[in-house]
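Only one structure is covered here, and it is reproduced in the block below.
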Amino acid sequence: MEHPKLKSVAVFSRPFTVPGFDEMLPAGAYEIETELSAPPDDRNPDAWKASVLVDLHPRNSHPGLSRTLMVSLADLDAAHAKDELTGKELTEFFLEEVLANPMVQLVMQADGVSEVQLRHLYSGKRSSEVGSDTVTPIREARTPQDKSAIQAAENEGMPPRSN
């Protein structure tokens, strides 16, 4: 009995790379084949990781040579997601999504964290690389009223303490 495999096509609009393969792969459509579950003769099906066989485009120097590349599903998904994001790193996309969320904006405001601080944090730069005037302290001084309001909110719904 043939083990079930999913065949599909991944389209990349720009050249891309995958970890563990030193060649820049050209943009285009790639036929891929994914095993949906561990092969029946696998001795440790719990440790099995989904992988994908990618039919590579032939090189100009060897036009008749067909090649395949086995990559992890996660690596192929990451390369495809980066391609769809017009070349942005996934962390940049994540940060833009986070900053667009109104709930995150409220939490940032309550914690005294600015958009500049988060962008600095996700940029990967060390504080010594950036002037001291560009990054403000993460925690601002809170007044006693702020502290009591926060404590009241944290204790809301809790039974009163008896002494």
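Some points to look at:
- Model label sites at Ile150 and Asp75, defined 7 Å from Cα along the beta-carbon direction, differ in position by 4.5 nm.
- Shown is the FRET efficiency for Arg67 and Asn44, computed with R0 = 30 Å from the Cβ-Cβ distance and rounded to the nearest 0.05: 0.55.
- Cβ-defined net charge surrounding Asp22, 15 Å radius [Lys, Arg +1; Asp, Glu -1]: 0
- Of the residues His120, His57, His62, the one with the largest accessible area comes first in the ranking His62, His57, His120, computed with a 1.4 Å probe on protein heavy atoms.
- Working note: Karplus 6.51/-1.76/1.60 with θ = phi - 60° gives the stretch 5-16 the couplings 9, 9, 9, 8, 10, 10, 10, 10, 8, 9, x, 8 Hz, where Gly and Pro are set to x.
The values are calculated or read from the model by the stated rules, or taken from the named source; none is laboratory data. Everything numeric here is computed off the predicted structure, so don't read it as measured data. All Cβ positions, glycine included, derive from the backbone under ideal geometry; neighbour counts span all protein chains shown. Remember, those area values only see protein heavy atoms, side chains included, never the ligands or the DNA or RNA. Shrake-Rupley method; radii C 1.70, N 1.55, O 1.52, S 1.80 Å.
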